[in-house]
Amino acid sequence: MIRYSTTAVLALLLTTGGCVGSGPALDSPAQGPAMAGFFDCLRETGGVAVSAHRAVSAPDQPENSVSAIEATGRAIPNAILELDAVLTRDGALVLMHDETMQRTTTGRGRVADMTLAQVRRARLRASNGALTREAPPTLGQALDAAGRVGAIASIDLKPAEGGSTVDLARAVIDQVRRSGAQDRVILITYTDADARAVAAMAPEMMISAGLDGTDELRGLDPAQVLAWTGTREERPTLWRALRDAGVEVQFGTLGAEGVRRDDRYAADGDVSEYRDLARQGVTVIATDTPLAVKSVLEAEMAKAATCPRPR
């Protein structure tokens, strides 16, 4: 018999109407994340979610683009799409991984020094270098696209040089609320202080926090937290401790081409190592090759489809 946590049961009531009425699943930022129940269910049933780095699932897609969001969201059930948000000079939020435009667009210069109109005049290049007709999207456009395909947006809170994480987080949280996307967003933090600050600013949203031990959960609600445990080494002892503490484990197989685990796993034509990660307790696999992960984790991803999720 599957035993669901209290959080999971609450999320089921919220998503199915239950006895809380037919309004939105979340009416007040004072409540905890409605999506916590979905991740609790994944952890407790051995399900797995796939996180696509910069939303890309094929080389003809530009990273951080609407086309990548929609294509990957359609290809991967309950996809988590990692997106990079940055503030323009006039305070708009656009998607761009680098501080400058050159690598991924026809534009030049620092995004933080440009207006939204200037950024939008550029055209995106696909991961294979091909020029497209797409402009860099705003965060609002990206959230709308993720919503259309039922994907979860995992938003990187990494400010431009000289910028403030808190200022970026405040702008992102405001846009997420205006887009009505609170129940399908994860906010990525990089320090203990940022994790606590962002968790307090957006108690209705999930956060990703780098954790090396359960003691680092002090001051955080475990139900709100997804634990980022890096890309370098498998850490089953840590993963077990985090799961016992009610926290879902994330592990990355992404990274520099030729060095990343994605490439090492694929070198012999057998990518069953992804299944080994799931068996060791990883709930979210962050990858540059989400379709390869899907190819060996169909059963684990099918469990995710049985977990109630706010939409």
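Just so it is clear, none of the values below were taken in a lab; they were calculated from the coordinates. Bear in mind the structure is a predicted one, so any value in this text is a computation, not a measurement. Quick reminder, even Gly has a Cβ in these numbers, built from the backbone with ideal geometry, and neighbours come from all protein chains shown.
Results, tabulated for the structure shown:
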{"item": "Extension gain (nm, one decimal) between Arg279 and Arg108, 0.36 nm per residue minus Cα-Cα", "result": "57.1 nm"}
{"item": "Length gained when the stretch Arg178-Asp263 is fully extended (0.36 nm per residue, less Cα-Cα span)", "result": "26.7 nm"}
{"item": "Helix-only mean residue ellipticity at 222 nm for the chain, each DSSP H run of n ≥ 4 adding -39500 (n - 2.57), per residue, nearest 500", "result": "-10000 deg cm²/dmol"}
{"item": "Cleavage-rule hits, trypsin sites (Lys or Arg not before Pro), region 194-258, DSSP coil, Cβ neighbours within 10 Å at most 13", "result": "Arg218, Arg232"}
{"item": "Summed side-chain charge close to Leu95 - residues other than Leu95 whose Cβ falls under 12 Å, Lys, Arg +1, Asp, Glu -1", "result": "-4"}
{"item": "Gain on full stretching of the segment that runs from Arg170 to Ala193 - 0.36 nm per residue minus C-alpha separation", "result": "6.8 nm"}
{"item": "Dipole magnitude of region 56-132 about its Cα centre (Cβ charges: Lys, Arg +1; Asp, Glu -1), debye to nearest 20", "result": "320 debye"}
{"item": "Net dipole in debye of the chain [+1 Lys, Arg Cβ; -1 Asp, Glu Cβ; about Cα centre; nearest 20]", "result": "680 debye"}
{"item": "Given charges at Cβ of Lys, Arg, Asp, Glu: region 163-311 dipole, positive-most of Phe251, Trp239, Thr306", "result": "Thr306"}
{"item": "Net charge over other residues, Cβ less than 15 angstrom from the Cβ of Ile69 (K, R count +1; D, E count -1)", "result": "-4"}
{"item": "Inter-part distance where region 98-128 and region 248-311 are each reduced to a Cα centre, Å", "result": "30 Å"}
{"item": "Förster radius 30 Å - calculated FRET efficiency between Val149 and Ala200 (Cβ-Cβ, nearest 0.05)", "result": "0.45"}
{"item": "Sum of side-chain charges, Thr231 neighbourhood, beta-carbon under 9 Å (Lys, Arg +1; Asp, Glu -1)", "result": "+2"}
